[in-house]
1. For region B:94-110, enumerate the residues that are under 16 Å from the mean Cα position of the chain (by Cα) and either open to solvent by 10 Å² or more (accessible area, probe 1.4 Å) or away from every other protein chain (no Cβ under 14 Å) (or both).
2. Would you say B:Ser68 is at pLDDT 85 or above and touching a helix residue (DSSP H, G or I) at 6+ places or on another chain (Cβ under 9 Å)?
3. Exactly one of these conditions fails for B:Ala129: (1) closer than 19 Å to B:Ala202 by Cβ; (2) in contact with a helix residue (DSSP H, G or I) (Cβ under 7 Å, 6 or more places away or on another chain); (3) without any contact (Cβ under 8 Å) to a residue 24 or more places away in the chain. Give me its number.
4. Surrounded by fewer than 21 Cβ atoms within 10 Å (Cβ to Cβ), modelled with pLDDT of 90 or more and assigned to a helix (DSSP H, G or I): which single residue out of B:Ala113, B:Ala129, B:Ala144 fits that description?
5. Exactly one condition in (1) more than 22 Å from the chain's Cα centre (by Cα); (2) closer than 30 Å to A:Ala69 by Cβ; (3) of a type in the set (S, T, N, Q) is not met by A:Ser132; state its number.
6. Residue by residue through region B:185-219, note down the ones that are farther than 25 Å from A:Arg190 by Cα and at pLDDT below 80.
7. Give the residue, chosen from A:Ala169, A:Ala203, that is at pLDDT 85 or above and among the hydrophobic types (A, V, I, L, M, F, W, C).
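The values are calculated or read from the model by the stated rules, or taken from the named source; none is laboratory data. This is a predicted model, so every value here is computed, not measured. In this analysis, Cβ positions are derived from the backbone assuming ideal geometry, glycine residues included, and neighbour counts consider all displayed protein chains. Note: areas computed on protein heavy atoms with side chains; ligands, DNA, RNA excluded. Shrake-Rupley method; radii C 1.70, N 1.55, O 1.52, S 1.80 Å.
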Amino acid sequence: MTSILDDYALNSPLREKNNWLKIAITAFGIVVGVSSNSPVTPFVIALCMGIATIRFSKVPASFYLKILAAPAGFVLISVVIIAFFSGNGSEVFGFDLWGHRLGVSTGGLNMALVVLARTISGMSCLFFLSLSTPMIELFSVLKATRFPDSFIEISMMMYRYIFVFMEVAMGIKYAQTVRLGYKDFRTSFRSIGMLATSLFIRAWEQGEKLYVSMNSRCYDGRFILLEEDRPIKRSEIALTSVYFIMVIVVFYSTRNILLI
Amino acid sequence: MHIFEGFLPSPWWQLWFAFSIPVILFGMYRLNRLVSERREIVPLLAVAGAFIFVLSSLKLPSVTGSSSHPTGTGMAAVLFGPAITSVLGLIVLIYQALFLSHGGISTLGANVASMGIVGPFVAYAFYKAASKVNMNFYLNIFLATAIADWVTYVVTSTQLALAFPAGGALTVSGFLSSFTAFAAVFATTQVPLAIMEGALTALIMKYVVQVKGDVLVNLQVLTSEAVNKLKGAVG
């Protein structure tokens, strides 16, 4: 794992846009996509979000397709199970297995396709947000909500330390690998145990040091963030409204359309 | 076992949110109280959360060949108790959804329920019960973590089977046959994975007892006599 999605968000041109607008677009897509009963609407949402991410956020298309394929394993297995077990209707195809009849019905196949479409649409909405908005921006959004301070504090410090530990972990892993620490199953298990332990102890000591250093700088349990004011431009409102209206129209006109 | 974004249909994703939110609120209440009593706990919890995140992004060597990674929630439950683990789990799951595209926002409620709430609660209950009967510490950690993993995976299968019962309508037999299907397929990766994670966590604890046993005493996981005994037993 060399680069996480946040790295792309930091360089995205969409970073400068209003956070609430981006969150609204994402939430809208997720909710509409998951409530749709036809695969058409999620597909349209996925297409729009994909184009927006690649075009406006300047994410390389090959990378985008790669991360979209990441959940494929889990999703495909589950979709196959749904196709076989869920739904009723006439059988599309089937076979006998140890005296049991296993068959895919039209209902099951439709359900499986809808779920697949929903997942792809949901992922692309999520990618739109995470590839355009670095976590730092989302913290100011969190501050504006009513979450308790301790929760936000812990999230912020955790965010910072994820990168510190990731670097330590990668360093140790590299050092172990060049010393043949992952040559077979037994050695790799021992290596990963040592890696996790030294990470834990390192993390613990770092936490104690952090407390001392922040305390000596008058930390009272609250980080103050400087929030930038980012007005929403008219063109952005126009584009978002067009997208919303189009998705709602598609949602209503295709709600009974099934592929099979 | 993350359920991916968009996978659970209405009303299930809303229902799992309704299940998780009260527990998270209780966890936050406990967290707030703990933080106001012992302020030094904030950085410690933060690094613990970051540790869970990094641990869950490391790939374990897997027997079945599929990529598998530890969840770390069993360990957190033993160290910090289940209520606080649920809050840490929530933050970790949000970060995983945003950074690594594991899980999602609409399925966050269901994932928090399985990985952040039920798994850790069972692990904690097991750890406490087994400590009462003086089970060997490492065996206890191994079992608690492995059980947390298995419970998480059973809950996930239940969530999927409830949302997609066999036959289309939610009946007991439809639920059961769908549950068996999900559970059987995921068992191929989850059963060895849980054993691996249990062994790994026990190994971590072994090193931690030797190098930094006072941490476990501070967290009231072990008494100082128990730490000394374990240290003596090793060498």
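1. Once the filter is applied, which keeps residues that are under 16 Å from the mean Cα position of the chain (by Cα) and either open to solvent by 10 Å² or more (accessible area, probe 1.4 Å) or away from every other protein chain (no Cβ under 14 Å) (or both), region B:94-110 yields B:Ile94, B:His102, B:Leu108.
2. In short, no.
3. Here B:Ala129 clears every test but (2).
4. Result: B:Ala129 is the single residue among B:Ala113, B:Ala129, B:Ala144 that is surrounded by fewer than 21 Cβ atoms within 10 Å (Cβ to Cβ), modelled with pLDDT of 90 or more and assigned to a helix (DSSP H, G or I).
5. (1)
6. Passing the criteria: B:Val185, B:Phe186, B:Asn218, B:Leu219.
7. Testing whether each residue is at pLDDT 85 or above and among the hydrophobic types (A, V, I, L, M, F, W, C) leaves just A:Ala169.
To keep it simple, each residue is scored yes or no on (1) facing chain A (nearest Cβ under 8 Å); (2) farther than 25 Å from B:Phe137 by Cβ.
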position	(1), (2)
B:Ser173	no, yes
B:Phe179	no, yes
B:Leu193	no, no
B:Ala199	yes, no
B:Leu216	no, no
B:Leu222	no, no
